[in-house]
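J.: Pasting in a structure now, in structure tokens, and then I'll have a few things to ask.
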């Protein structure tokens, strides 16, 4: 199976599960459930849950074991986008090629739909089957720590506070680690844990995810400068417009591209202990580096 | 020990635990952690976590067993207040006698502090010790369901959508069940579960909480009309100002008071199987009915 077919197949598993877990649009209050589904089923890349399922496979487990964790991760990711797009934060009108949640449903419902997606993430995660090595508590520690005030949310705070200020490379690293790398690393670690991987493998995949996540964010910053709004499906050039310090702004495009490649390479080295079992993860890393949207 | 002393003693246990679980104000990002602590330590009544600990005691368990659930419940409650107060929702400037979170920290940080309180609720809940009868998964099902899109969040959506419309008593019941009764019932059920109570006792306390929660919300609506902003610590008269349908607005004050008393009485009947073990819960119910703020 080639990489694209395999990604599509895993993505469909995730979509089917999310569709099963999310309340229908007919459930009261209708507006809220429509808003939750609007943001979840908006043609996202499903990068994080695909990494979760791929990690489970690399550790010798069936992807189905990691489906609750994969869907939980996607719900957390989507809630964070809905809230980040709010007028009081990044104030963005476009996401995944469509109007953002608050543009369609109003700000109040967008805040609450984000809250509901965050809440349901933990409801779904609780469906995870414990393994001999990893208890349910460990799964919760993993996700709440990556999504919490020192990682995902903390990164967004630092990002907002860095606007219109000159940031150091260290500041930028704190933001990228929090906003992007922590959740990508957790996606991989959760997949490994669901497959009952030994701690050594969980850690190796966490290391892979940490570097991959940093590379991913640099590529994101590069695309914001080099691509059109149309091809990205979200407002291009918005980092400069918002007075944000980005990797290309500090180091220039050429050096940024080199750093993304270096980090991807370093990520791939962390996969060494897996040998051939990690072929798909290698392919995913390459695809993430070379993406154009 | 009299009721007030006992409430104070349980409240202090909750406060000490929350202080231990919440990141310090020195942890980066400082603004976020300050905002989280500002809302958590603002002199709230701690009604829900006190009910959790009292339920554990009524079921023969030590309150300490229920501390993670109690603190998780309080974090969920506080996040919901922070988000409800936002300009895009109830647009309130005053809460617990102090300026609301977005007034002090700005809207962006207030949204994110709410998100972080919701996230840490599940991190804290994961500290719960499983019991022979109740697995960790059961605790998560309980809290995510009470906090989720069909209960706490759904109730808030229905509340917003009911503004400036004439609501039926059935609409009002949906709002009160979701916004208030579900979390109060879950607070009690979680306490019982942490004490390894048999399902029959968990259910009885859930029933107690459901009626108590409805009574509590009617009393809240009555106080909004009859008390001053100063004595409430939050803006009085705001329901009418926001064009909200309330219990007193539909039925008048006298009938509302009777209904609150009837519901409290019905709640207390659910405690019958506990006999003397429920003396403190009876006292709490009376106090909630007769409160003036």
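The values are calculated or read from the model by the stated rules, or taken from the named source; none is laboratory data. As the structure is a computational prediction, the values presented were derived from the model and not from experiment. Please note: Cβ atoms are built from the backbone with ideal geometry, for glycine as well, and neighbour counts cover all protein chains shown.
J.: For segment B:214-289, which helices (runs of 4 or more DSSP H) that fit wholly inside it have 2 or more residues that are under 28 Å from residue B:62 (Cβ atoms)?
T.: B:247-269, B:279-289
J.: Would you point out the residue of segment A:81-101, among those that are part of a helix (DSSP H, G or I) and more than 8 Å from chain B (Cβ to nearest Cβ), that is farthest from residue A:19 (Cα to Cα)?
T.: A:84
J.: Continuing with the same structure: It is to be established whether one or more residues within segment B:227-235 are more than 17 Å from the chain's Cα centre (by Cα), modelled with pLDDT under 95 and closer than 21 Å to residue B:155 by Cα.
T.: Within segment B:227-235 (the criterion being more than 17 Å from the chain's Cα centre (by Cα), modelled with pLDDT under 95 and closer than 21 Å to residue B:155 by Cα), the answer is yes, since at least one residue qualifies.
J.: Given the options B:275, B:237, name the one that is free of Cβ contacts under 8 Å to residues at least 60 places away in the same chain and exposed (fewer than 14 other Cβ atoms within 10 Å of the Cβ).
T.: Exactly one of B:275, B:237 is free of Cβ contacts under 8 Å to residues at least 60 places away in the same chain and exposed (fewer than 14 other Cβ atoms within 10 Å of the Cβ), namely B:275.
J.: What's the number of the condition residue A:209 fails, among (1) on the phi < 0 side of the Ramachandran plot; (2) part of a helix (DSSP H, G or I); (3) without any contact (Cβ under 8 Å) to a residue 60 or more places away in the chain?
T.: (3)
J.: (1) within 14 Å of chain B (Cβ to nearest Cβ); (2) under 22 Å from residue A:194 (Cα atoms): which one isn't true of residue A:56, the others all being true?
T.: (1)
J.: Name the single residue that is nearest to the other protein chains (Cβ to nearest Cβ) among those in segment A:27-46 being in contact with a helix residue (DSSP H, G or I) (Cβ under 7 Å, 6 or more places away or on another chain), assigned to a helix (DSSP H, G or I) and surrounded by fewer than 24 Cβ atoms within 10 Å (Cβ to Cβ).
T.: Ranking the candidates gives A:31 first.
J.: Please determine, by comparing only the residues of segment B:143-152 that are more than 13 Å from the chain's Cα centre (by Cα) and over 11 Å from residue A:126 (Cα atoms), which one is surrounded by the most Cβ atoms within 10 Å (Cβ to Cβ).
T.: Here the residue is B:149.
J.: Next question. Could you check segment A:10-26 and list, in sequence order, the residues that are surrounded by 14 or more Cβ atoms within 10 Å (Cβ to Cβ) and either away from chain B (no Cβ under 14 Å) or closer than 25 Å to residue A:52 by Cα (or both)?
T.: A:10, A:11, A:13, A:14, A:15, A:17, A:18, A:21, A:22, A:23
J.: Scanning for something buried (at least 24 other Cβ atoms within 10 Å of the Cβ) and more than 14 Å from residue B:288 (Cβ to Cβ), does segment B:224-233 turn up at least one residue?
T.: no
J.: Okay, moving on. Just one of the numbered conditions (1) under 30 Å from residue A:273 (Cα atoms); (2) within 12 Å of another protein chain (Cβ to nearest Cβ) is not true of residue A:66; which one?
T.: Answer for residue A:66: the failing condition is (2).
J.: Against the definition (at pLDDT 95 or above and either more than 17 Å from the chain's Cα centre (by Cα) or farther than 21 Å from residue B:34 by Cβ (or both)), how does residue A:135 come out, yes or no?
T.: yes
J.: Would you mention how many residues in segment B:102-111 are at the interface with chain A (Cβ under 9 Å from one of its Cβ atoms) and either part of a helix (DSSP H, G or I) or on the phi < 0 side of the Ramachandran plot (or both)?
T.: Residues that pass the stated criteria total 6.
J.: Another question about this same structure. Test each condition in (1) surrounded by fewer than 24 Cβ atoms within 10 Å (Cβ to Cβ); (2) over 23 Å from residue B:121 (Cβ atoms); (3) touching a helix residue (DSSP H, G or I) at 6+ places or on another chain (Cβ under 6 Å) for residue A:159 and report the one that comes out false.
T.: Here residue A:159 clears every test but (1).
J.: Then there is this: Criterion first (within 11 Å of chain B (Cβ to nearest Cβ), under 30 Å from residue A:273 (Cα atoms) and in contact (Cβ under 8 Å) with a residue 12 or more places away in the chain) does residue A:72 satisfy it?
T.: yes
J.: So, of the residues in segment B:112-132 that are over 19 Å from the mean Cα position of the chain (by Cα) and at the interface with chain A (Cβ under 7 Å from one of its Cβ atoms), which turns out to be surrounded by the most Cβ atoms within 10 Å (Cβ to Cβ)?
T.: By that ranking, first place goes to B:112.
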